[in-house]
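**Student:** Encoded as structure tokens, here's the structure I'll be asking about.
The values are calculated or read from the model by the stated rules, or taken from the named source; none is laboratory data. Here the structure is a predicted model, which means the values were calculated and not measured. A quick note on method: Cβ atoms are made from the backbone with ideal geometry, for glycine too, and the neighbour counts reach across all protein chains shown.
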2 protein chains.
Amino acid sequence: MDNSKMNEKTTEDLEKLRGHIDNVDQQLLHLLRKRLDLVGQVGAVKHAAGVPIYAPEREASMLAKRREEASKMNVSPQLIEDILRRLMRESYLNEKDVGFKQVKTDLGHVVIVGGKGKLGELFSQMLRLSGYHVKSLDKDDWPNADAIFAGAGLVIVTVPISITCELITSKLSQLPESCILADLTSVKAKPLDAMLTAHKGPVVGLHPMFGPDVGSLAKQVVVVCHGRDQDKYQWLMEQIQIWGARLVEADAQKHDKAMQLVQAMRHFSSFVYGLNLYREEADIDTLLQFSSPIYRLELAMVGRLFAQSPELYADIIYAQRESLTAIGDYLENYTQALELLKSGDRQGFIEQFEEVANWFGDFAPQFQRESRAMLQSVNDMKAG
Amino acid sequence: MDNSKMNEKTTEDLEKLRGHIDNVDQQLLHLLRKRLDLVGQVGAVKHAAGVPIYAPEREASMLAKRREEASKMNVSPQLIEDILRRLMRESYLNEKDVGFKQVKTDLGHVVIVGGKGKLGELFSQMLRLSGYHVKSLDKDDWPNADAIFAGAGLVIVTVPISITCELITSKLSQLPESCILADLTSVKAKPLDAMLTAHKGPVVGLHPMFGPDVGSLAKQVVVVCHGRDQDKYQWLMEQIQIWGARLVEADAQKHDKAMQLVQAMRHFSSFVYGLNLYREEADIDTLLQFSSPIYRLELAMVGRLFAQSPELYADIIYAQRESLTAIGDYLENYTQALELLKSGDRQGFIEQFEEVANWFGDFAPQFQRESRAMLQSVNDMKAG
């Protein structure tokens, strides 16, 4: 920061040490290259054998071994774990270049209805990388729908939530009975009902719990709501696992209830938070200057919402009538808590806080540990 | 995941490759150890010369060089940058073992009022590592206050916000005039006024923008609100920079206004979010199962609040009367936005969204990029 402070000797010593560090970093780069190549070879072997790329047990045991070795060398176990996890992410990304094993080789082609949307494109890409023939069907393609559907073994619906059910009902009732019908909508009960009514063959509802900007499906979650003839689409479950994702089976109603709390309410309260900053004429630059890592993170989580499509959020919020109830309940709790604050009843606030803390139980300290790790990595990113 | 699928040849090939990977990882560990040692030596040289440990320009130019070298070797530049940033964090942590240069060698001792609090302990530790003699003064020590203050060159107040001003006014009006009086409170205007009134000598208000659980002050922000006789406490500013922190000078009123938005409101809305989950009888296990990285992160940010002291949060919220206004404004915006939703005016919602998005401007995509990197590292942490 203040080089004028350094005398010649200091500068010389530092330059020499930095030369050594440069040297170590060169070796580090070579080692990273080598490790990525080796893991690439593992991927190729797994690909040929059709084994999923993500192997949680192997990963856990490898990390445990490394942590132990690190301890012996007086290197922090968390350091080597963090570095290896980062490397694994890179390797998962590279898996895509190798392609994936095709589980079902006699399927016929796949039609993605809404294939030009971002999530549709991601699934198209994954399916193509696994050797499937994929056709896209978008708004303008309906006149040729019969030709596109002819011979399809799997139809995946991924259109805006607001038109999903109507589209299924009105356009997908004539699919061949052997064809699998699936959807990727973020609500599940109604689309699943619509699919079961419109189509006589195998039906499954999927909700990929990630945005289309993930580089790899490794470790990502896909919620599965079974519809009909599970044995007929079992291969698709295996295929998704080969991509590295984890399947979570769920009841459609239970899933939707959780999504009201998870998605709709959280999106809405982030939206209001952004709206509030705007109306308060906050100066984002100043806020960022004053921001601790935790607040920078929260600001980023709110700001990211506004980089995305308003239609998407409107759809998610309007998708379930019940979301409005959840959003309204939050408002009520906010109002009550504010009244408690205004009354100056500090002790009452503390008691309510403790009540909620008790309810969180062991999750609270667990979340604190988790978020500490996240905050540290946010701080790492700071350019200064 | 499904080892039964693998034939003997596959298993053999994988074992062999994993042996190679183990080997590379051993070399990696040795290289990490070596790099940490070299950076430790840099720290020792800097320590001797009294140069701050965090050198943003050097860091940026080193990273740029590595990224370029990585590109040439077909290694992702972001990979090497992430790994080096993680390594730098480790090195900053290790700095503590070396200690820091003492900028002011003829100070007399330091008294930390509230030294047994977590933030007080952190500052005690940093000051001791820099060669200062530090005395702690807590609730029970007031009978001996005269002896503890006698000869002090610096008094730092870090007690609960609710009693800060009163304590300054009633207990700190008899300090030697040459003594520096500073505080670490998260609001600044009132404590600064109180210090300027109670004490005739040098006064400075500080707000460390980080929790006491940071391992190192490197890259952390300390807000500085100047009080009186800046030249007398200039050394303290240098000392804090030597610890690696970045100083942000601010007007106390402006700082407090930002904190109403940053701290009080955000804490309160996280509190209500936790309260809401509790009242809705949400099942955290289920929520986590369904959670995408972004929601897991948000849940962690809420949950972490409840692992902490309710008194601390009550203090922060009650510290500024104006916070209640900010919290009330948010409620109003929430209510209005909910009415818009209930009216079914989808277009109105979209227009309001776009209005806020325009206001965020370039920050929205910037936050999206930032949060994407964070979310990836959250996903890296998943054990499966």
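**Student:** Given the conditions (1) in contact with a helix residue (DSSP H, G or I) (Cβ under 8 Å, 6 or more places away or on another chain); (2) assigned to a helix (DSSP H, G or I), report the number of the one that B:MET126 does not fulfil.
**Tutor:** Among (1) in contact with a helix residue (DSSP H, G or I) (Cβ under 8 Å, 6 or more places away or on another chain); (2) assigned to a helix (DSSP H, G or I), B:MET126 violates only (1).
**Student:** Output the residues belonging to the stretch B:125-159 that are more than 21 Å from B:GLY50 (Cβ to Cβ), in contact with a Gly (Cβ under 8 Å, 6 or more places away or on another chain) and not charged (D, E, K, R).
**Tutor:** Matches in the stretch B:125-159: B:SER136, B:LEU137, B:GLY151, B:ALA152, B:ILE156, B:VAL157, B:THR158, B:VAL159.
**Student:** Let me spell it out: the conditions are (1) polar (S, T, N, Q); (2) part of a helix (DSSP H, G or I); (3) under 29 Å from B:ARG346 (Cα atoms), and A:SER136 meets all of them except one. Which number is the exception?
**Tutor:** (2)
**Student:** Go through the residues of the stretch B:98-117 one by one and say whether even a single one is within 28 Å of A:SER377 (Cβ to Cβ) and of a type in the set (Lys, Arg).
**Tutor:** Checked the stretch B:98-117: no residue is within 28 Å of A:SER377 (Cβ to Cβ) and of a type in the set (Lys, Arg).
**Student:** For B:PHE290, which of the numbered conditions (1) modelled with pLDDT of 85 or more; (2) within 7 Å of chain A (Cβ to nearest Cβ); (3) surrounded by fewer than 24 Cβ atoms within 10 Å (Cβ to Cβ) fails to hold?
**Tutor:** (1)
**Student:** Go through (1) among the hydrophobic types (A, V, I, L, M, F, W, C); (2) part of a loop (DSSP other than H, G, I, E, B); (3) touching a strand residue (DSSP E or B) at 6+ places or on another chain (Cβ under 8 Å) one by one and return the number of the condition A:ALA282 breaks.
**Tutor:** A:ALA282 satisfies every listed condition except (3).
**Student:** A further question on this structure: Which one of A:GLU370, A:GLU354 is in the same structural domain as A:PHE268 (by TED's automatic domain parsing) and either surrounded by fewer than 17 Cβ atoms within 10 Å (Cβ to Cβ) or on the phi > 0 side of the Ramachandran plot (or both)?
**Tutor:** Among A:GLU370, A:GLU354, only A:GLU354 is in the same structural domain as A:PHE268 (by TED's automatic domain parsing) and either surrounded by fewer than 17 Cβ atoms within 10 Å (Cβ to Cβ) or on the phi > 0 side of the Ramachandran plot (or both).
**Student:** I need the full set of residues from the stretch B:324-345 which are over 18 Å from A:SER269 (Cβ atoms) and either among the β-branched types (Val, Ile, Thr) or crowded, with 22+ Cβ neighbours inside 10 Å (or both), in order please.
**Tutor:** To start, the set of residues in the stretch B:324-345 that are over 18 Å from A:SER269 (Cβ atoms) comprises B:324-325, B:343-345.
The one that is over 18 Å from A:SER269 (Cβ atoms) and either among the β-branched types (Val, Ile, Thr) or crowded, with 22+ Cβ neighbours inside 10 Å (or both): B:THR325.
**Student:** Can you name the residue in the stretch B:83-116 that is touching a residue at least 60 places away in the same chain (Cβ under 8 Å) and charged (D, E, K, R) and is also nearest to B:GLU370 (Cα to Cα) among such residues?
**Tutor:** B:ARG89
**Student:** Follow-up. State yes or no: is A:VAL272 at the interface with chain B (Cβ under 8 Å from one of its Cβ atoms), more than 26 Å from B:ASP362 (Cα to Cα) and without any contact (Cβ under 8 Å) to a residue 60 or more places away in the chain?
**Tutor:** Working: at the interface with chain B (Cβ under 8 Å from one of its Cβ atoms): yes; more than 26 Å from B:ASP362 (Cα to Cα): no; without any contact (Cβ under 8 Å) to a residue 60 or more places away in the chain: yes.
Taking the combined requirement at face value, the residue does not satisfy it.
**Student:** Ok, one more. Would you confirm whether or not the stretch B:95-105 contains a residue that is more than 30 Å from B:ARG35 (Cβ to Cβ) and surrounded by fewer than 20 Cβ atoms within 10 Å (Cβ to Cβ)?
**Tutor:** Applying the first criterion (more than 30 Å from B:ARG35 (Cβ to Cβ)) to the stretch B:95-105 yields B:104-105.
Next, only the ones that are surrounded by fewer than 20 Cβ atoms within 10 Å (Cβ to Cβ) stay: B:104-105.
Yes; the residues of the stretch B:95-105 include at least one that is more than 30 Å from B:ARG35 (Cβ to Cβ) and surrounded by fewer than 20 Cβ atoms within 10 Å (Cβ to Cβ).
**Student:** A further question follows. Which residue out of A:GLU339, A:GLU322, A:GLU332, A:GLU298 is facing chain B (nearest Cβ under 8 Å) and either assigned to a loop (DSSP other than H, G, I, E, B) or not aliphatic (A, V, I, L, M) (or both)?
**Tutor:** After applying the criteria, what remains is A:GLU298.
**Student:** What residue, among those in the stretch B:228-240 that are in contact (Cβ under 8 Å) with a residue 40 or more places away in the chain and buried (at least 20 other Cβ atoms within 10 Å of the Cβ), is farthest from the other protein chains (Cβ to nearest Cβ)?
**Tutor:** B:TYR233
**Student:** Same structure again: For the stretch B:356-376, what are the residues that are more than 7 Å from every other protein chain (Cβ to nearest Cβ) and either closer than 17 Å to A:GLU332 by Cα or part of a helix (DSSP H, G or I) (or both)?
**Tutor:** Within the stretch B:356-376, the first condition is being more than 7 Å from every other protein chain (Cβ to nearest Cβ), and the residues that meet it are B:358, B:361-362, B:366, B:369, B:375.
Matches in the stretch B:356-376: B:ASN358, B:GLN366, B:ARG369, B:LEU375.
**Student:** State whether the residues of the stretch B:250-258 include one that is surrounded by 23 or more Cβ atoms within 10 Å (Cβ to Cβ), more than 30 Å from A:GLN253 (Cα to Cα) and at the interface with another protein chain (Cβ under 7 Å from one of its Cβ atoms).
**Tutor:** For the stretch B:250-258, residues surrounded by 23 or more Cβ atoms within 10 Å (Cβ to Cβ), more than 30 Å from A:GLN253 (Cα to Cα) and at the interface with another protein chain (Cβ under 7 Å from one of its Cβ atoms): present.
**Student:** Something else about it: Under 9 Å between Cβ atoms, which residue pairs at least 6 apart in sequence (or on different chains) link something in the stretch B:5-29 that is outside the structural domain of B:LEU87 (by TED's automatic domain parsing) and touching a residue at least 12 places away in the same chain (Cβ under 8 Å) with a partner that is of a type in the set (Lys, Arg) and exposed (fewer than 13 other Cβ atoms within 10 Å of the Cβ)?
**Tutor:** none
**Student:** Please enumerate the residues belonging to the stretch B:218-227 that are hydrophobic (A, V, I, L, M, F, W, C) and in contact (Cβ under 8 Å) with a residue 60 or more places away in the chain.
**Tutor:** Correct list: B:ALA218 only.
**Student:** Within the stretch A:59-76, is even one residue touching a Ser or Thr at 6+ places or on another chain (Cβ under 8 Å), of a type in the set (A, V, I, L, M) and under 26 Å from B:GLY215 (Cβ atoms)?
**Tutor:** yes
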